[in-house]
1. Provide the per-residue ³J(HN,Hα) series for segment 119-124, in order, calculated from phi with Karplus coefficients 6.51, -1.76, 1.60 and θ = phi - 60°, each as a whole number of Hz, with x at glycine and proline positions.
2. Taking the Cα of Phe34, stepping 7 Å toward and past its beta carbon, and measuring to each backbone N in segment 55-70: which are under 13 Å?
3. Mean separation of Cα pairs under 8 Å and 6+ residues apart, divided by the residue count of the chain: what relative contact order is that in percent?
4. Taking R0 as 30 Å, what's the FRET efficiency between Glu69 and Leu89 from their Cβ-Cβ distance, rounded to 0.05?
5. Can you list the residues, at least 5 places off or on another chain, whose amide H is less than 5 Å from the amide H of Ser106, using H built in the peptide plane?
6. Based on the alpha-carbon gyration tensor of segment 160-209 and its eigenvalue square roots a ≥ b ≥ c, which shape applies: rounded if a/c is under 1.5, prolate if not and a/b is larger than b/c, or oblate?
7. Return the sequence-ordered ³J(HN,Hα) values of segment 3-11 in whole Hz as given by the Karplus equation 6.51 cos²θ - 1.76 cosθ + 1.60 applied to θ = phi - 60°, using x for Gly and Pro.
8. In sequence order, what are the phi-derived ³J(HN,Hα) couplings for segment 142-149 according to the Karplus relation 6.51 cos²θ - 1.76 cosθ + 1.60 with θ = phi - 60°, rounded to whole Hz, with x for glycine and proline?
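Derivation of every value follows stated rules applied to the coordinates shown; laboratory data play no part. Note that this is a predicted model, so its numbers are computed, not measured. Here the Cβ positions follow ideal geometry from the backbone for every residue, glycine too, while neighbour counts run over all protein chains shown.
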Amino acid sequence: MEIIAGIDEAGRGPVLGPMVIVGVEASEHSLKKFRLKDSKEYARVTRDNLAISLIKTVERIHIRVLYPEIIDYFVENKTINELEFLAYLSIIKDVNAKTIYVDCFSTNIDYIKRLFKERVPQKRFIVEHKADRKYPIVSAAAIIAKHIRDAIMDVLSKDLGVYMGSGYPSDPRTINFLKSVLEEGNVKILNGIVRFSWKTVKRLMKLFLSL
């Protein structure tokens, strides 16, 4: 059976924690039994259990963890799309499969597909938005990426002794965590955890540190 690959990320938008990009290699047949869907549609426990089963099933997994420092550098000096492109490309170069399905991180699908093809011409690329909803191989990558990111966030929360929430700016627990730390003026503990280039963080820092 032909082995194909899928690549997706988890954690592009949060103010806290890393972005995790995962590439998965597997046969379509091996994934059919899971009836995979969008990773966001699963409850945490269900997604974690599913991720563990997928890890045991797929042929190969490629993981890239992009921490806040590198994200901040690209946001301030280049673009986050450039960072994602480089991370995706590094996975693509490691993949053995000839056909690779990619959940596109850019609004310009044709441009990204052309860049991948120019750098790795021997591969066949299917690049689409929301590919994790259409292709099980991409769903598998997204589920595993989310599982890894959640585990990292759990460790960070445990190390600090404070639950930080999901890390997304829409999560009140995350915003309350940031506010409590900034109110105390203890910015140093946020190093390696917070994306200081995010507008939400800049706004809160300006509000609390200027008091």
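1. 8, 9, x, 7, 9, 9
2. 55-62
3. 31
4. The computed FRET efficiency comes out at 0.90.
5. Answer set, sorted by chain and number: none.
6. rounded
7. 8, 10, 10, x, 10, 7, 10, 9, x
8. Listing the rounded values in order: 5, 5, 5, 4, 5, 4, 5, 4 Hz.
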